[in-house]
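What follows is calculated from the coordinates using simple rules that are stated; it is not laboratory data. Keep in mind that this is a model prediction, so the values were computed, not measured. Cβ coordinates were reconstructed from backbone atoms using ideal geometry, including for glycine residues, and neighbour counts include every protein chain displayed.
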Amino acid sequence: MKTIFTTGQVAKICKVAPRTVSKWFDSGRLRGYRIPGSQDRRIPREHLIRFLKEHGMPLNELEDEALGRVLLVGTDPVIRGSLNEMLDGDEYKLETAQSGFEAGIQAESLRPDCVVVDFAMGRTDAVMIAGNLRKNPEYAETILIGLLSEEDSRASFDRTVFNETFRKPFDVALLAERVRTLVTRKKQLA
């Protein structure tokens, strides 16, 4: 995943001449920085994505990078539907899985930024899914959020596996906002 682009690379992505990208940069419309001691310009990925969205330009190969990918495991239809509404389809791709096996398959194809695991599927299964994701180096940076049932005690499992936990009942809007914040922060650090 490329994080910094040259004007030539941006020109190829936007299907314009490199000089056009230089004009966007020099006018301040496309943010970035100059390499010290040279005239070379560099554009960070997040500034390029923002520029493309603001100007209604296609994201092309950056589209997958721009979308926040969220995997919902074992979540009930109400939570799933609410999150679908609150996490904009233009900015987030949501997939669902109902079992540990399905979660593994979905994680392989989706490469999620965030996995929300509902303990309603069973505490043992939920902790096993989270633990298996954490053991795999490919998912070391994946955000894991646990949705605890009223009976689940935070002390009854290894909390370090999860980045965050929410105890039911909770406001789904708060969960959506936390997912949005964590995924945005993760994408900026990547």
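What percent does the relative contact order of segment 41-190 come to when contacts are Cα pairs within less than 8 Å and at least six residues apart?
21 percent
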Straight distance only, please: which lysines reach the Cα of K186 with their own Cα at less than 17 Å, same-chain residues fewer than 8 apart left out?
-> K2, K93
Per-residue HN-Hα couplings for segment 128-138 [Karplus 6.51, -1.76, 1.60; θ = phi - 60°; Hz; x = Gly/Pro] | 5, 4, 4, x, 5, 5, 5, 5, 7, x, 5
Non-local amide H neighbours of F5 (under 5 Å, H modeled in plane, Pro and chain starts lacking H): which ones?
-> I43, R45
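Given only helices, namely DSSP H runs of n ≥ 4 each adding -39500 (n - 2.57), what is the per-residue ellipticity at 222 nm of the chain, to the nearest 500 deg cm²/dmol? Display every interim value, and only then the final one.
Details: 8 runs with 84 residues, N = 190.
Rounded to the nearest 500, it is -13000 deg cm²/dmol.
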For segment 4-64, how big is Rg over Rh, using alpha carbon atoms and the Kirkwood form of Rh?
-> 0.94
Karplus-derived 3J(HN,Hα), 6.51/-1.76/1.60, for each residue of segment 36-45, Hz, glycine and proline x | x, x, 8, 9, 5, 9, 10, 10, x, 3
Work out the FRET efficiency for E85 and K12 from their Cβ-Cβ distance, taking R0 = 41 Å, and round it to the nearest 0.05.
-> 0.70
Just flag the GluC sites (Glu not before Pro) in segment 81-190 sitting in loop per DSSP whose Cβ has no more than 14 other Cβ atoms within 10 Å.
-> E91, E141, E150, E151
The ratio Rg/Rh over the Cα atoms of segment 1-114, Rh being the Kirkwood inverse mean 1/r radius, stands at 1.12
Return P(r) of the chain (all Cα-Cα pairs; 10 Å bins starting at 0; whole %; ordered from short to long distances).
-> 8, 33, 27, 17, 11, 3, 0
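Compute the relative contact order of segment 4-64 as a whole-number percentage, counting only Cα pairs closer than 8 Å that sit 6 or more residues apart in sequence.
Values: 64 pairs, mean separation 20.2, N = 61.
Relative contact order here is 33 percent.
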So what's the gap between the Cα centers of segment 14-55 and segment 92-136, to the nearest angstrom?
-> 38 Å
